[in-house]
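A short worksheet on the structure shown next.
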Amino acid sequence: MENRIKTKMIKIISGNRKTRLTVQVADTQEKIEKGLMLVEKLPENEGMLFVFSRKIYAGFWMKDTLIPLSIAFLDLNGEILNILDMEPCKGNECPIYYPKFSYRYAIEVNKGWFEKNRIKEGDYVKFV
């Protein structure tokens, strides 16, 4: 039986601006490992929120991911520590994208979404 993924609305606070994003929540090892693999299209204001049980330092890879993504790494308080762009990869020789810092959460969206919405490192995510 497939474990249905839940969605939630989050807000990203940039100064006086608030940007809403609907995210699928990956909060189990299985969901985290699958991520957005084999997803052919991600709607404009949607993404995936990766929730880790503790602060970690690990990279993300794009094996079998079909669309380019941007990823934000967040601390326990929701502060965006680092944003990286990642390219799709087929096969087993995929680069691993490492953040500058340890993190508790990560958010993947379409590549360029953070920049387009003027969201940057130091902004905050509210898990409403």
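Under 9 Å between Cβ atoms, at least 6 apart or on separate chains: pull out the pairs that start in segment 72-99 with a residue that is more than 18 Å from Phe127 (Cα to Cα) and end on any residue that is assigned to a strand (DSSP E or B) and acidic (Asp, Glu). Qualifying pairs under 9 Å: Met86/Glu108; Tyr97/Asp85. Scan segment 84-92 and tell me whether some residue there is in contact with a Phe, Trp or Tyr (Cβ under 6 Å, 6 or more places away or on another chain) and more than 17 Å from Ser14 (Cα to Cα). Taking every residue of segment 84-92 in turn, at least one turns out to be in contact with a Phe, Trp or Tyr (Cβ under 6 Å, 6 or more places away or on another chain) and more than 17 Å from Ser14 (Cα to Cα).
Here is the figure for segment 1-10: residues that are in contact (Cβ under 8 Å) with a residue 40 or more places away in the chain and out of contact with any Ser or Thr (no Cβ under 7 Å at 6 or more places or on another chain) total 2. Residues in segment 16-57 that are of a type in the set (Gly, Ala, Ser) and without any contact (Cβ under 8 Å) to a residue 24 or more places away in the chain: Ser53 alone. Can you pull out the residues in segment 100-123 that are more than 19 Å from Ser14 (Cα to Cα) and free of Cβ contacts under 8 Å to residues at least 40 places away in the same chain? Matches in segment 100-123: Lys100 only. Among the residues making up segment 46-71, a single one is under 21 Å from Lys120 (Cα atoms) and acidic (Asp, Glu): Glu46.
For beta carbons closer than 9 Å, sequence separation of 6+ or different chains, a first residue in segment 58-70 that is at positive phi and a second that is of a type in the set (A, V, I, L, M) and surrounded by fewer than 20 Cβ atoms within 10 Å (Cβ to Cβ), the qualifying pairs are Asp64/Met37; Asp64/Leu38.
In segment 33-67, of all residues being touching a Pro at 6+ places or on another chain (Cβ under 9 Å) and open to solvent by 70 Å² or more (accessible area, probe 1.4 Å), the one that is farthest from Lys90 (Cα to Cα) corresponds to Tyr57. The residue that is farthest from Lys116 (Cα to Cα), among those in segment 68-93 that are open to solvent by less than 20 Å² (accessible area, probe 1.4 Å) and hydrophobic (A, V, I, L, M, F, W, C), is Cys89.
Within segment 1-21, the set of residues being farther than 22 Å from Leu81 by Cβ and open to solvent by less than 50 Å² (accessible area, probe 1.4 Å) comprises just one member, Ile5. Taken over segment 1-16, residues that are assigned to a loop (DSSP other than H, G, I, E, B) and either out of contact with any helix residue (DSSP H, G or I) (no Cβ under 9 Å at 6 or more places or on another chain) or farther than 22 Å from Ile67 by Cα (or both) amount to 7.
Going by what's in this entry, would Lys31 be described as of a type in the set (Lys, Arg) and within 13 Å of Glu108 (Cβ to Cβ)? Explain how you work it out, then say what you get.
Working: of a type in the set (Lys, Arg): yes; within 13 Å of Glu108 (Cβ to Cβ): yes.
So Lys31 fits the description; yes.
Mind checking which residues of segment 94-105 are more than 26 Å from Val128 (Cβ to Cβ) and open to solvent by less than 50 Å² (accessible area, probe 1.4 Å)? Once the filter is applied, which keeps residues that are more than 26 Å from Val128 (Cβ to Cβ) and open to solvent by less than 50 Å² (accessible area, probe 1.4 Å), segment 94-105 yields Cys94, Tyr97.
The values are calculated or read from the model by the stated rules, or taken from the named source; none is laboratory data. Keep in mind that this is a model prediction, so the values were computed, not measured. No Cβ is skipped: glycine too gets one built from the backbone with ideal geometry, and neighbour counts run over all protein chains shown. To get the accessible areas, we keep the full protein, side chains included, count just its heavy atoms, and leave off ligands, DNA and RNA. Shrake-Rupley method; radii C 1.70, N 1.55, O 1.52, S 1.80 Å.
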